[in-house]
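What follows is a short report on a single structure.
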Amino acid sequence: MHDLDSHAQRLRTQGYTVIKGVLDAEQLRQAREALDEVFRHEEPMARSRGWKNEVYQVAYMLPQKHPHFRRFGLNPRLYPLMQELLGRECVMASLNGLTMTPGGKPQGLHIDQWETVPGAVLYINALHCLDDFRKENGCTRLVPGSQDRPFPGRDKMAALESEALQVEAEAGSVIAYNGGVWHAGSQNRTDQPRRAIHAYYSRSWVRPQWDFPKSISPEVAAELAEDEKRLFGFYAQPGWYDWQADRQVRAR
Ligand SMILES: O=C(O)CCC(=O)C(=O)O
C-alpha cells in the first residue's frame, strides 16, 4: 500500500485520514449492487426494526447477508494499514452498510467506542465511500484530534459543532478514523442516497460491537476461508473451562 506510514501517522495524530482509490471501479460496482440488494430485501421490515429512519438507513452484519462482504475487509489496499495500527491479528468489530436518508436530518456527533482512551488506537472505522461524499449529500463530519479529548456526552455536542470539519471524498475512497473521534453523518440535502460501508476494525483483545461467530450461520461459516474466519474473530475468543469434561479449551 502506498503511503502506509503517512496514513498511519495521520491516524495517530489527527485521528483520521482519507485514502483514495481503495475500491476500483469494478469493486465499487459490486459493492453498490450488493448493498442495494440487502437494502431492498430489508425494506419491508427496516422501519419497524429501527434500521431506517429520517436520519439514515443501515444494514448490519453484511457478511451474513451477502457473499460480497465476506472478503471485503481483507482488501490489500487497506488491510495492511489496519494491521499496522491495530496489530496483525486485528478483527472486524462490525461491518455495516449505511446511507444518509435523502432529504433527511443530520446525525448528532458521537464516538463509536465505549470510552475515550487518550493515546491508544483500539478501533478504526474504515468508512468506504460508495458515492462521492459532498457537503450537499451529507458527507461525514468530524473533529480532528478529538480522539484524545474526553467525550463530553451527546447532550453537550451541539456547542462543539463549530469545530467539526466536513470531509469530502470521491467514491472508492476510505475515510478512516479512530473510534474515539467525534464524528457524524451530515444532512443529505439531495434526493439521492449517500452510501457507505462501515468496516469497523479493532484490536483482537477488545470487545467487538458485534459477536460475528454467533451472528454468522453454520452454513455461511462452513463456506468461509481461514483468513475470513480469523478476521471475523472466530479465533479471538477467550479460552474457557468446560466443566462437564473438566478440561480447558483454547481458541486457536
Ligand atoms: O456515514 C457516516 O457519515 C457516519 C455515520 C455514523 O457515524 C454512524 O452511523 O454511527
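Numerical summary
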read-out	value
Fraction of alpha-carbon pairs over 35 Å apart in the range 4-249 - percent	12
Debye, to nearest 20: dipole size of the range 40-95, +1 on Lys, Arg Cβ, -1 on Asp, Glu Cβ	200
Shape category assigned to the range 90-226 from the gyration tensor of Cα positions, a/c cut at 1.5	oblate
Sequence ranges 155-165, 67-77, ranked by mean other-Cβ count within 10 angstrom, highest first	67-77, 155-165
Full-stretch length increase - ASN53, GLN237 - with 0.36 nm per residue and alpha-carbon distance subtracted	62.8 nm
Taking the range 4-249 and dividing mean pair separation by its residue count, relative contact order in percent (alpha carbons under 8 Å, at least six apart)	28
Across LYS52/LYS229; LYS105/LYS214; LYS20/LYS65, pairs whose alpha-carbon gap is larger than 31 Å	LYS105/LYS214
Potential lengthening between ALA225 and GLN166 on full extension [0.36 nm per residue; Cα-Cα distance subtracted]	17.5 nm
Cβ-placed point charges (K, R +1; D, E -1), dipole of the range 4-249 about Cα centre in debye, nearest 20	360
Contour minus Cα-Cα distance for GLU115 and TRP205 (0.36 nm per residue)	30.8 nm
Where GluC sites (Glu not before Pro) fall in DSSP loop in the range 10-113, at most 16 other Cβ within 10 Å	GLU54, GLU89
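Readers should treat all values here as calculations from the given coordinates under stated rules, not as data from a laboratory. None of these values were measured; they are calculated from a predicted model. Positions of Cβ are backbone-derived with ideal geometry, glycine not excepted, and every protein chain shown enters the neighbour counts.
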